[in-house]
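Peer 1: A single structure is presented below for examination.
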Amino acid sequence: MNQFDKIHQVKNKFTKNNPIFLKQMFGATDVIPLWIADMDFEVAKPIQKALQELVSRNIYSYEFDTESIYKVISEWNFKRHQLKLNPKSFIQVLGVLTGISVLIRELSEKGDNIMVQTPVYHQFFKIIESAGRNVISNKLKVAEGQYQMDFEAIENQIKTLNIRVILLCNPHNPVGRVWTNKELQTLVDIANKYHATIISDEIHSEIVYTNSKFNSIASLKNSENHITVIGSPAKTFGLQSISNGYLYIPNNKKYKQVKSTVDSLYINHGTILSAHATMAAYTEGEAWLRDLLVYLENTIKWILNFLETQLPEVTMVKPEGTYQIWLDFSKLNLSETALKYLIVHQAKLGLAPGDWFKASGPQFMRMNIATPLSKIQQSFYQLKEAIDIGLDRSFNEEEHINKFRPF
């Protein structure tokens, strides 16, 4: 039995299973929860060992060792991506979203315009708007069977709307693109031309599949003025509830500015649990990660085959990275509300709807596939059955409109 096939029946308060959240967002609690981007897998054995040894000490005095963490992250990125990083250019924060929130405030003023490329991770909108900034949506386009950046539109928007910051997602959540070196260099060149700063969220950088290669903003020519959120092991190693975030800022002026703020807010450290987990992941977790990628890629192959042979009404662009898939239900010709009803109340699935991500069309949903294949298979069997039966005649559009609320 593959280690990732194990179904864990444990009592927990995980957000994805929490009936309060499920009821709030979906209006139902009896769904297979595949809406949130975390894993149902046990973490790698070296991480387990490191945490167990730490807990067994039974003394938890102050203990900080950020320099060792920065060194480990740098060594990992050089080994994995041939990416040379200066350990002295890192800043530790409480989490990736915390880091992005600080950067938005430091790099722009209230009322400024911040660009995102939609559809995109829904928390980006909250981060920008809660800081008093304006979200400017630059829509990804589909060409040659893949999502692509619209560089003409990007340059036009930056030039005419005075964009101060571009918040990039690489690999992109939810569409699964892993941006090429050429694409990223074009974006950097445009940003430099108009003095905009790129914040690159690279938290999914290790979840990259065959024939794709991760490229960091930090690896590009003339990218010194841009900032990479590069160090969190959260998505890669299933450490969402105990991991930190790490900002990489090669520009010395911006580094000092951001570090001063981070230090003054006392968000420049984590727990020793997060430190030990991070170092164990980056020094001893590569074999586990290699097996994980094989497993996830096999899951994607099964899904693509099932959609092609059993469920042609649903389509998706094959992801190059992340463990999210972006499902297109437009062939069903259902209203947005009717589609949500079909998915939740008939197929009994808790998926993240496209409007959370400001998709150009409402007929999309994101599914998390970092779960045993048997659960994914059961989900698609339920989906097929619901679609084959068709929308329940008892469905009332007015009763179910606006029932889905983003987390």
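Peer 1: Please go through (1) of a type outside the set (S, T, Y); (2) under 21 Å from the mean Cα position of the chain (by Cα); (3) buried (at least 22 other Cβ atoms within 10 Å of the Cβ); (4) more than 23 Å from Y246 (Cα to Cα) for I163 and return the number of the only condition it doesn't satisfy.
Peer 2: (2)
Peer 1: Identify, by number, the condition in (1) open to solvent by 30 Å² or more (accessible area, probe 1.4 Å); (2) over 21 Å from H269 (Cα atoms); (3) β-branched (V, I, T) that V120 doesn't meet.
Peer 2: (1)
Peer 1: Any residue in the range 97-112 that is within 15 Å of the chain's Cα centre (by Cα), farther than 22 Å from G361 by Cα and open to solvent by 20 Å² or more (accessible area, probe 1.4 Å)? Write out each step before concluding.
Peer 2: The first filter runs over the range 97-112 and keeps only residues within 15 Å of the chain's Cα centre (by Cα), leaving 97-100.
Next cut, farther than 22 Å from G361 by Cα only: 97-100.
Still in the list and also open to solvent by 20 Å² or more (accessible area, probe 1.4 Å): 97-98.
So far as the range 97-112 goes, yes, one or more of its residues are within 15 Å of the chain's Cα centre (by Cα), farther than 22 Å from G361 by Cα and open to solvent by 20 Å² or more (accessible area, probe 1.4 Å).
Peer 1: Using beta carbons and a limit of 7 Å, which pairs, at least six apart or on different chains, have the first residue in the range 1-22 and within 16 Å of L349 (Cα to Cα) and the second one small (G, A, S)?
Peer 2: Pairs found: L22/A28; L22/G350.
Peer 1: Then there is this: Just to check your reading of the model, which residue among L296, L327, L304, L311 is open to solvent by less than 10 Å² (accessible area, probe 1.4 Å), assigned to a helix (DSSP H, G or I) and modelled with pLDDT of 95 or more?
Peer 2: Numbers: L327 fails: assigned to a helix (DSSP H, G or I); L304 fails: open to solvent by less than 10 Å² (accessible area, probe 1.4 Å); L311 fails: assigned to a helix (DSSP H, G or I).
After ruling out the rest, the residue left standing is L296.
Peer 1: List every residue pair whose Cβ atoms lie under 8 Å apart, where the two residues are 6 or more positions apart in sequence or sit on different chains, the first residue falls within the range 370-384 and is in contact (Cβ under 8 Å) with a residue 24 or more places away in the chain, and the second residue, located anywhere, is hydroxyl-bearing (S, T, Y).
Peer 2: Correct list of pairs: A370/Y323; L373/Y295; L373/T299; I376/T299.
Peer 1: Given the options E42, E67, E53, name the one that is part of a helix (DSSP H, G or I) and within 22 Å of G238 (Cβ to Cβ).
Peer 2: Working: E42 fails: part of a helix (DSSP H, G or I); E67 fails: within 22 Å of G238 (Cβ to Cβ).
Checking each option against the conditions leaves just E53.
Peer 1: Sort out which residues of the range 376-395 are in a helix (DSSP H, G or I) and either closer than 11 Å to Y341 by Cα or over 29 Å from the mean Cα position of the chain (by Cα) (or both), and write them in order of number.
Peer 2: E385, A386, D388, I389
Peer 1: From the set of residues in the range 216-247 that are closer than 19 Å to R164 by Cα and hydroxyl-bearing (S, T, Y), which is modelled with the lowest pLDDT?
Peer 2: This residue is T228.
Here is a yes/no grid of residues against (1) over 20 Å from K79 (Cα atoms); (2) in a loop (DSSP other than H, G, I, E, B); (3) touching a Leu at 6+ places or on another chain (Cβ under 9 Å); (4) of a type outside the set (D, E, K, R):
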site	(1), (2), (3), (4)
K213	no, yes, no, no
A218	no, no, yes, yes
S223	yes, yes, yes, yes
T228	no, no, yes, yes
S232	no, yes, yes, yes
T236	no, no, yes, yes
Q240	yes, yes, no, yes
S243	yes, yes, no, yes
Y246	no, no, no, yes
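Peer 1: Could you list, in sequence order, the residues of the range 8-47 that are open to solvent by 40 Å² or more (accessible area, probe 1.4 Å), touching a Ser or Thr at 6+ places or on another chain (Cβ under 8 Å) and not hydrophobic (A, V, I, L, M, F, W, C)?
Peer 2: Correct list: P19, K23.
The values are calculated or read from the model by the stated rules, or taken from the named source; none is laboratory data. Predicted model, so just to flag it, every value in this text is computed and none were measured. Because the Cβ atoms are built from the backbone with ideal geometry, glycine has one as well, and the counts that use them run over all protein chains shown. Protein only, heavy atoms only, side chains kept; ligands, DNA and RNA dropped before computing areas. Shrake-Rupley method; radii C 1.70, N 1.55, O 1.52, S 1.80 Å.
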